[in-house]
Structures are given as structure tokens and as C-alpha cells.
Amino acid sequence: MDALVIHGGRKLNGRVAISGAKNAALPVMAATLLMPGVHRLRNVPQLLDTHTFAKVLEVLGAKVRFDKNECVIDTTQADKVEAPYDLVRTMRASIYVLGPLLARLGAARVSLPGGCAWGPRPVNLHLTGLAALGAQLDIDHGYITGQNVKLHGGNFHFDVVSVGATAQVMMAATLAEGTTVLENVAVEPDITVLGDVLNACGARIEGLNTRRLTIHGVKSLQPIDTTIIPDRIEAATFAAAAAMTGGSITLERVIPAHFEAALAKLEETGCVVVRESDEVTITGPSRPRAADVTTMVYPGFPTDMQAQMIAVAAIANGTSVITDTIYVDRFTHVPELSRMGANIELKGNVAIVRGVDRLSGAPVMATDLRASAALALAALVAEGETHISRIYHLDRGYEAFDAKLTALGARVERVRE
Ligand code: UD1
């Protein structure tokens, strides 16, 4: 297993090219199962998660080839319906194959993903949403199973806004017979672009970027040819690095509107932000000011930036109250940051962060993807050396993170444990 060793104390300065978004790439990769043919996806980040998803597609009979960031997926022979536990348990997003399998093949056997590091993550809305389209699904020996399914249009109201369940049901509805109306859907960019990609293939999805989708089922779709959008969470993480180190970083190849909530919050901490059409320059203050944050569904402040924002607050001048309303248990980074000298009191889903003058390097453990990013950010400003073990979590979602940090002037080393 790899670890990162970071020597803190350097300002980060320069330009960094932001990679394609993992959370946008995964549902598009799943959508290739909706239509036989050869699909071309550009700007796919080279990550553990995208490679795991490629393996899921391969066990379903697809052929997947990566050439740097271009991913070519041939689903002509994809006629298998079982996504096994061994793969699904390593990556929850594997459940995305369920809807496309039911829509195209009328059958699926997909392992239930189980919980994750920050608590239970239910899939009830994926199942009830598909049931509204006529999919009778059973849970059998830990697998979600459907046979002889013929999807038809239906009406479904999501009682919680869910990115994953919206993508799941939207994909399935594109090939269902008749019209589907989905209410209270997610409007995260990952969802909107998935809809755009499907429409470019011949789907008839109306209402994208609103809370109500109307989907007229079509008989078949054309193969996908698309470029994955930039990763707004990676961009916001590097913006947080500028905020914490007091440096100036230009984020290249971004869509600034996609991470406006994070930029506005960092401005509140004293950062100066210059937005251009496809890049953002952010300059950190000598010390950030405290700022309260509550995570919300898009366009609110993303839960995927909560951990990194706690790292900013840990060294800010004053006390910040940081609340996660989306994932109330997502705080495994708190005890690790405390080991580096952060003063954080956790009350349920609310972290009260009293900013300290300095953090000190320590051996810490990455527990999940965004928690790892928060530890790396803290390490950038900590005195001395921080050894972050289990960095595979970071590798799941940040492409070439250590190389990008090094290019910005950080002292980072990847070591084998
Ligand atoms: C996606 C992102 C993840 C991000 C999350 C919230 C991917 C691969 N992952 O995860 O990085 O943190 O959105 O922005 O895109 N819920 C239910 N029942 C369900 C599904 C969800 O109650 O069937 C609840 C969840 O417990 C949570 C909320 O809905 O409280 C939002 O979760 P959801 O948007 O579904 O997250 P994911 O799609 O899994």
C-alpha cells in the first residue's frame, strides 16, 4: 500500500489542469450498457474508480480500452447480467449498471453495495424508482435480482434528492415504453450532462437542470461520443489549497459555475477569486477567516467538500460551524485532523472548528476519499512531516494528486509501506 509523506510550510503557486470528473464519468460509463456499439469517452480520469468500473463492464461482456484519458467501450457483446459482490463492494457506483441492464436486457443480478466508511448508504430509491417503471426486483442472497423485466413509463417522486438514484432511473426510463415523470430529481452537473449525453444519442429527456424530468421512452439509442466535464470537487480542493497556504493557484480547464458555492465560501474566508470562462485564479489570504458551512444539494455547498472545508477552518482565525446535512456521519477525518492539533468538537452532524495558529505533522490514516484530501491539505500547512497511510482512498478520486501538488511547489513524496 502507498502512503504520502508531506512536508508542510510551502505556499502553493502556479497553474494546475483539472481532470475529468469521476462522478460524471461513472454514470456515462454505465450508460454505455443501454446500447450495443462502440462508445468513445474523452477526458476520463485515470483513477482506481474508473478502472474498477471498467472491470464491472468487462464482467458484463463489454470490451474496454483506455488510451491515456480516452476510454473506448465496446458493448456489442455485453449480454451478461451479473455484477458480482467482489467488484461492487469496492465501489458503490457499480450499482449504476442495474437500470441499464434491466432496460436493455430485461434482467440483472447486481450485488447490493453495502455501507461505506461514513455509515449506511441506502439504495432504496434506486429500487423503488425502478419499481415505478415496472421492474419487479428481489433481494436474494445479497443480490438485487430482476428477470423478464419489461420497463414501462411511470411517475416517481424522490422523497430525498439523490444523485445516484436520479441517474439510475433516468437511464432506465430512456428505453422504457411510454412516458416517465420524475419529481424532485438531482440537478448536480453530473446528472444534467448525463441527460445531455443521452439526448445526443437519441433519448428524449425534457426538463434537465430542473427538479422535474419528463422522459419519453425510445426504442433504441446510438452509441455515446462525449467529453467528460471537469471535476468540480478536484478544482475546489485545489482552491482550498490556495486558501490554506496563502498561495495563488490558477485552475485550468474548469467550469467555474460548477463550483461556485465553494468559491463563494472561500471568498468569505478572505480569498481573492478571479473567474474567467474556463479558468479560475484563487489567491489565499495570509490567514483564512472562519466561515460557517452547511452542505446542501447542488447548487449548494457540496458534501464532497465538507472535509476539505474543515481543514481550512482548522487553521482559520475564529470559530467555524460546519454542518453536513447530506451525510450526517461523514466525519472520519475529524479524529485524524485532531491528531495534527486541530481543535474540533463534533456534535452529531455539526463540527465546531476553533481555528488554531498552527498544525503539526503527524502519522495519520486516510479513511475515505475526501477525508484523505482534507488530511493532505492540513499536511501542506502543518509544521514538519505528515505521513498519510492508506492513500489508495485518494487514488480512487484524484488523478495524479501528488504530482499536481509537487508541480505547485509542495514537498510531497509517495512511499511504499
Ligand atoms: C453521489 C456522489 C458522492 C456524493 C453524493 C452526494 C457519485 C459516484 N457519488 O453519491 O460523491 O457525496 O452524490 O452529493 O456520484 N439516499 C437515500 N436512498 C437512496 C439513495 C440515497 O436515502 O436510495 C440518501 C443518502 O443517504 C444521502 C442522500 O440521499 O443522504 C444523497 O445521496 P446520493 O445523492 O444518492 O449520493 P450518491 O449518488 O451515492
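The values are calculated or read from the model by the stated rules, or taken from the named source; none is laboratory data. Worth saying up front: this structure is predicted, and the values here are computed from it rather than measured. Please note: Cβ atoms are built from the backbone with ideal geometry, for glycine as well, and neighbour counts cover all protein chains shown.
Quick notes on this structure:
- Within region 89-108, residues that are over 14 Å from residue 130 (Cα atoms) reach partners that are surrounded by fewer than 21 Cβ atoms within 10 Å (Cβ to Cβ) and charged (D, E, K, R) with beta carbons closer than 8 Å, at six or more positions or on different chains, in the pairs 91/396; 92/121; 105/79.
- The requirement of being touching a strand residue (DSSP E or B) at 6+ places or on another chain (Cβ under 7 Å), under 11 Å from residue 4 (Cβ atoms), surrounded by fewer than 23 Cβ atoms within 10 Å (Cβ to Cβ) and modelled with pLDDT under 95 is fulfilled somewhere in region 376-391, by at least one residue.
- Each residue in region 141-178 was checked for being farther than 17 Å from residue 112 by Cβ and within 16 Å of the ligand (Cβ to nearest atom), and 13 pass.
- The sole residue among 274, 254 that is under 16 Å from the mean Cα position of the chain (by Cα) and away from the ligand (no atom under 16 Å from the Cβ) is 254.
- Counting the residues of region 138-155 that are part of a loop (DSSP other than H, G, I, E, B) and in contact (Cβ under 8 Å) with a residue 24 or more places away in the chain gives 8.
- Criterion: of a type in the set (A, V, I, L, M), out of contact with any strand residue (DSSP E or B) (no Cβ under 7 Å at 6 or more places or on another chain) and either more than 18 Å from residue 211 (Cα to Cα) or within 16 Å of the ligand (Cβ to nearest atom) (or both) - qualifying residue of 102, 87: 87
- Filter result (surrounded by 14 or more Cβ atoms within 10 Å (Cβ to Cβ) and either charged (D, E, K, R) or within 16 Å of the ligand (Cβ to nearest atom) (or both)) within region 212-224: 213
- Matching option when the condition is crowded, with 21+ Cβ neighbours inside 10 Å and in contact with a Lys or Arg (Cβ under 7 Å, 6 or more places away or on another chain), among 97, 72, 81, 56: 81
- Close pairs (7 angstrom Cβ cut-off, 6 or more residues apart or separate chains): closer than 16 Å to residue 163 by Cβ and within 15 Å of the ligand (Cβ to nearest atom) in region 185-205, part of a helix (DSSP H, G or I) and of a type in the set (D, E, K, R) anywhere: 189/232
- The listed residues are 260, 268, 276, and the only one of them that is touching a residue at least 12 places away in the same chain (Cβ under 8 Å) and more than 19 Å from residue 324 (Cα to Cα) turns out to be 276.
- Spans of strands (runs of 3 or more DSSP E) in region 344-416 with at least 1 residues touching a residue at least 40 places away in the same chain (Cβ under 8 Å) and small (Gly, Ala, Ser): 350-354, 385-389
- Within region 157-172, residues that are in contact (Cβ under 8 Å) with a residue 12 or more places away in the chain reach partners that are of a type in the set (D, E, K, R) and within 8 Å of the ligand (Cβ to nearest atom) with beta carbons closer than 7 Å, at six or more positions or on different chains, in the pairs 163/188; 163/190.
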